[in-house]
Structures are given as structure tokens and as C-alpha cells.
Amino acid sequence: MSRVVADEFRIMLERLASGRPLALATVVATAGSVYRRAGARMLIEPGGEVIGSVSGGCLEADLQERALRFASDPRAQVIEYDGFAEDGMPWGLGLGCNGRVTVVLQPLVAEHASWLRHLCAARARRAGAALATVFAGTALPAGVVQALDERDGINAGAAPAAVTAFGAALQRELGAALRARQTRIARGIAATDCAVLLEYIPPPVRLCLIGAGPDAEPLAAAGLAQGWQVIVCDHRPALLQATRFAGALLRPGEAEVALADLGMDARTAVVIMTHHYERDRRALAALAQHPPAYLGMLGPRARAGRILDELARAGTPLAAARAALHAPVGLALGAETAEEIAVAIVAEIIACFRGGPGGALRDRDAPIHDAQ
């Protein structure tokens, strides 16, 4: 069974503390058309539970079977699944994608706790981080991991002593990946034959809903299904029930109070959906000077325009809010029900944060994903 979690590194750290044998699979390189790209990972637990995914289901069973062998041979493995092969290779026609996927599969052991804690701390502060995973070469064993974040610097994690001489050069590469906010492969670091995945790990997406009406329930659930952090705010405490919004953080009070200490950043989305004109206006006014990266407002275009006009006449600075505002909120899917509208909103947020155009893939001439 596979499931999405809001913070995969925290889950890994918690599972590691249990003392049970665990395996970590990380996609480190891809070519051609593939389902998941470099940086995708999954945790394999005893009994077959899988957290996360590295493909659309093509590779998971094989990786689970390989993970069983760590009991007799705990060395990390580098496995290449070649979807281009058609000469009898088992992964040729069976993969479903015309691509090549390289995966590092390694036991998750106590020595990994250091870099996992480092990344958990960065995510708790909503700080970006960079993670390096060695997957080729003889200078260092496959699976060596180091982490770097925007404040605390490098953490050697599970790296052996051999990384000490390698560390300065790797830290520079990690710093470059962090500044560029880009995932890439580096080869020949410090004149070695190592190949390293340098992965940029952004802060988690945070979805804040202003309004806890019936249509907020499917939207909160859809956000949680993406592994996002979800916050629901409403001035009516009776609506903020854990049974309605399981897994979300509930904040009672008016929006300008409930969101005052959150801080809006480049990975925060806010949807205003109180169904109350004056409260929507006050919420938009509160967010106007420091809006989130995505700001959505439920309701027709004319209603949003009227609110903006009133705020402008009142002297509220609106340039930043207008740039972030999506009103009406959501992609044009023809959605009718609350559940369909939730899909349209989540899809638009994904397009905003991923930089996608939001159109039909069949009409796209370019590849689905940019090359890493």
C-alpha cells in the first residue's frame, strides 16, 4: 500500500526510531518519458507498506523484493530500469514509459537520523534545503547523503570519514543548488569519479482556507491528499471540527487575526471562501500588502472586481494582491459540485507552484516536464 504524507522526512525519522528494518528508494537520474523524476523517493516497511512512490506502479514490487535481501547484504544498490530496451530485458515493454530510471536502494539505518533531523528542522522553519545523494563512482559508496539548508549549513549525516576531504567541494555544489532552487546531477566533484544527485527541497506547500463552510471540506481533503499542510480558519468555532477537517490545523477567529502570525511566502496558497461579502473584503484587505504566492477568491468576477474597487478607493495598496489573485478561483474545468470545484482549485494551485500552463497535455507540443 502506498500513501502520500505531508512530511516524508519526518515520517522516515519516526519509522527509524521504531527500530524496524526499513529501506529507502530514491530516483537519482532519469532519461526519456518517465512517471516520476529525480528526487522521488519511497520508504519500504516490513509487511509491504510503502510510503511515497518512485513510479506509477511499475517499479515498486521489484524494489520491495530487493529490499528483502538487505538482511543478508546491507550494501546500497544502484538499479537501472531501462524502458528503452526491447531485446529481452524484463523492463523493456513492461515499464509503460519510454524512459530510463536509475534508483538508489539502501537500508535506512540509525546513521541516517542526522540528515533527516536536519531536513525536518528546515521544513519546520519553512526553509529550503538541498540534499546530495551519491549514486555512481568509486570514490564514495552509493547512498552517501549530505544535506544543506538556508540557515544551518552542511550536515554530513550518514557520510563516512572519506567525505571529509570531499565535503568542501560538495558543500559548494549544494549551496549552488540551493541558491538556484534547482535539482541537477553533478559529476567529477573534487576531481573524483562520483556522480551525485543535488536535489532542491522546497518548503512544503501550505494551503490556508478562509471559511469552513461545506465546500471547504472537499477542498481541505484534496489539499491533504497532495501531502500539503492545510489550515482552516473561520470565525465560527462550531464549524471547526476535527471530524470535518481531519489532518488540518484549525484556527478560530476572523481571517485578519487567524492568519496574522503565519507569514505569507512563496509556497503558501490562500483561498477566501467565506460566502460573506464583508468578510471576504476584510480578508483580502488583510492580505493585500503581503499576499501569498497564490491567492484565490470564490465567487464571480464582478464580485471580486467590486471588492478590489472598494479597497482601492479606501487607499489599500493592491498591486501585489492583484498579481497573486485568482478570481474566479480554479481552472476552467466546467466544475459544478463542491468536489469538482475543489479539484479545479487544487489543479490551479499545482499549476501555479509547478509553473505549468494548465492546458490539455494533448495540445502541448513540448515535453510534459522540462529536462533536469
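The values are calculated or read from the model by the stated rules, or taken from the named source; none is laboratory data. The model shown is predicted, which means the values in this text are computed figures rather than measured ones. Cβ placement follows ideal geometry from the backbone for every residue including glycine, while neighbour counts extend to all protein chains displayed.
Points to keep in mind about this one:
- Residue count for segment 248-262, restricted to those that are part of a loop (DSSP other than H, G, I, E, B) and without any contact (Cβ under 8 Å) to a residue 40 or more places away in the chain: 5
- Any hit, segment 69-76, residues being surrounded by 16 or more Cβ atoms within 10 Å (Cβ to Cβ) and outside any loop (DSSP other than H, G, I, E, B): yes
- Selection from segment 9-40 of residues that are under 29 Å from Leu361 (Cα atoms) and not in a strand (DSSP E or B): Ser33, Val34, Tyr35, Arg36, Arg37, Ala38, Gly39, Ala40
Okay, residues lined up against (1) under 30 Å from Ala136 (Cα atoms); (2) touching a His at 6+ places or on another chain (Cβ under 9 Å):
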| residue | (1), (2) |
| --- | --- |
| Ala190 | yes, no |
| Ile201 | yes, no |
| Ile210 | no, no |
| Ala220 | no, no |
| Trp228 | no, no |
| Ile231 | no, no |
| Leu239 | no, no |
| Ala248 | no, no |
| Ala255 | no, yes |
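- The set of residues in segment 176-187 being among the small types (Gly, Ala, Ser), buried (at least 16 other Cβ atoms within 10 Å of the Cβ) and assigned to a helix (DSSP H, G or I) consists of Ala177 alone.
For every residue, the table says whether it meets (1) more than 21 Å from the chain's Cα centre (by Cα); (2) modelled with pLDDT under 95.
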{"position": "Ala304", "(1), (2)": "yes, no"}
{"position": "Ala312", "(1), (2)": "yes, no"}
{"position": "Ala321", "(1), (2)": "yes, yes"}
{"position": "Ile341", "(1), (2)": "yes, no"}
{"position": "Ile345", "(1), (2)": "no, no"}
{"position": "Gly358", "(1), (2)": "no, yes"}
{"position": "Arg364", "(1), (2)": "yes, yes"}
{"position": "Asp370", "(1), (2)": "no, yes"}
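- Residue in segment 139-151 that is under 23 Å from Ala23 (Cα atoms), crowded, with 21+ Cβ neighbours inside 10 Å, at pLDDT 90 or above and not polar (S, T, N, Q) present: no
- Filter pass, Leu224 being part of a helix (DSSP H, G or I), under 27 Å from the mean Cα position of the chain (by Cα), of a type outside the set (S, T, N, Q) and crowded, with 23+ Cβ neighbours inside 10 Å: no
- Considering the conditions (1) aliphatic (A, V, I, L, M); (2) in the same structural domain as Gly143 (by TED's automatic domain parsing); (3) out of contact with any strand residue (DSSP E or B) (no Cβ under 6 Å at 6 or more places or on another chain), Ala222 is excluded by exactly one of them, (2).
- Of the residues making up segment 228-244, those that are within 19 Å of Arg206 (Cα to Cα), in a loop (DSSP other than H, G, I, E, B) and over 21 Å from the mean Cα position of the chain (by Cα) are Leu240, Ala242, Arg244.
- Conditions (1) closer than 25 Å to Arg10 by Cβ; (2) modelled with pLDDT of 90 or more: number failed by Gln171: (2)
- For segment 191-214, a residue qualifies if it is touching an Asp or Glu at 6+ places or on another chain (Cβ under 9 Å) and of a type outside the set (Lys, Arg), and the qualifying residues are Val196, Leu198, Ile201, Pro203, Pro204, Leu209, Ile210, Gly211, Ala212, Gly213.
- Which numbered condition Gln241 misses (of (1) loosely packed, with under 14 Cβ neighbours inside 10 Å; (2) modelled with pLDDT under 95; (3) not basic (Lys, Arg)): (2)
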